[in-house]
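Taking it in order: structure first as structure tokens, then the write-up.
The values are calculated or read from the model by the stated rules, or taken from the named source; none is laboratory data. Predicted, not measured: the structure shown is a model, and the values here were computed from it. For neighbour counting, all protein chains shown are included, and Cβ atoms are generated from backbone atoms with ideal geometry for every residue, glycine included. Keep in mind that these areas ignore ligands, DNA and RNA; they rest on the heavy atoms of the full protein, side chains included. Shrake-Rupley method; radii C 1.70, N 1.55, O 1.52, S 1.80 Å.
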Amino acid sequence: MTSNDRADRPARLSVVHRVVDGVRVVTLHGEIDYDETDILRQALLPEGQPVLPVVADMSGVTFLDSSGINVLLRVSQQVSRLRIAAPTESVRRVLALVGADTVIDCHPTVEDALNA
């Protein structure tokens, strides 16, 4: 698939972000795979904006592959704190399988992640 092919197809990942008490809360919906990694990286660590602690609300993520995990791990090294909130069962299972949940704190809700 070329970059032009990717530009012609709708994104399978949607992102909404807001800042709560100095923490960027990124709500993700859809699939996170190789084709969506740029969207994920830009959502978690937007260019030209201050680097803030991040809570990634993954309650709407239906699929996460190794390329998405790699982005999460790289971003966790660049921000002061990255926390995952409300991962779906399939996402939680993948994070645990590769051990990413030992590097990135996972919380059952966004509120828990914000208060951690």
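Which residues, taken from the range 30-84, are in a helix (DSSP H, G or I) and hydrophobic (A, V, I, L, M, F, W, C)? It would help to see each step written out before you state the result.
If we filter the range 30-84 for residues that are in a helix (DSSP H, G or I), which is where we start, we get 34-44, 66-78.
I39, L40, A43, L44, I69, V71, L72, L73, V75, listed by residue number.
Got at least one residue in the range 35-48 being surrounded by fewer than 20 Cβ atoms within 10 Å (Cβ to Cβ), polar (S, T, N, Q) and out of contact with any helix residue (DSSP H, G or I) (no Cβ under 7 Å at 6 or more places or on another chain)? Steps first, please.
Start the filter on the range 35-48 by keeping residues that are surrounded by fewer than 20 Cβ atoms within 10 Å (Cβ to Cβ), which leaves 35, 37-39, 41-42, 45-48.
So of that shortlist, the ones also polar (S, T, N, Q) come out as 37, 42.
Cutting the leftovers down to out of contact with any helix residue (DSSP H, G or I) (no Cβ under 7 Å at 6 or more places or on another chain) gives us 42.
Yes, that holds for at least one residue.
Look through A96, A113 and report the one residue that is of a type in the set (G, A, S), assigned to a helix (DSSP H, G or I) and buried (at least 20 other Cβ atoms within 10 Å of the Cβ). Show your work before the answer.
Values: A96 fails: buried (at least 20 other Cβ atoms within 10 Å of the Cβ).
Exactly one residue qualifies, and that residue is A113.
For the range 99-110, which residues satisfy the criterion of being open to solvent by less than 60 Å² (accessible area, probe 1.4 Å) and touching a helix residue (DSSP H, G or I) at 6+ places or on another chain (Cβ under 9 Å)?
Across the range 99-110, the qualifying residues are A100, I104, C106, H107.
Right, S90: under 13 Å from the mean Cα position of the chain (by Cα) and open to solvent by less than 50 Å² (accessible area, probe 1.4 Å) or not?
Numbers: under 13 Å from the mean Cα position of the chain (by Cα): no; open to solvent by less than 50 Å² (accessible area, probe 1.4 Å): yes.
Here the answer is no, as S90 does not meet what is asked.
Is there a residue in the range 63-75 that is over 24 Å from V20 (Cα atoms), more than 8 Å from the chain's Cα centre (by Cα) and exposed (fewer than 14 other Cβ atoms within 10 Å of the Cβ)?
yes
Results for (1) of a type in the set (G, A, S); (2) closer than 18 Å to V15 by Cβ; (3) in contact with a Phe, Trp or Tyr (Cβ under 7 Å, 6 or more places away or on another chain); (4) without any contact (Cβ under 8 Å) to a residue 24 or more places away in the chain, shown as yes or no for each residue.
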| site | (1), (2), (3), (4) |
| --- | --- |
| A43 | yes, yes, no, no |
| E47 | no, yes, no, yes |
| S66 | yes, no, no, no |
| R81 | no, no, no, no |
| V98 | no, no, no, no |
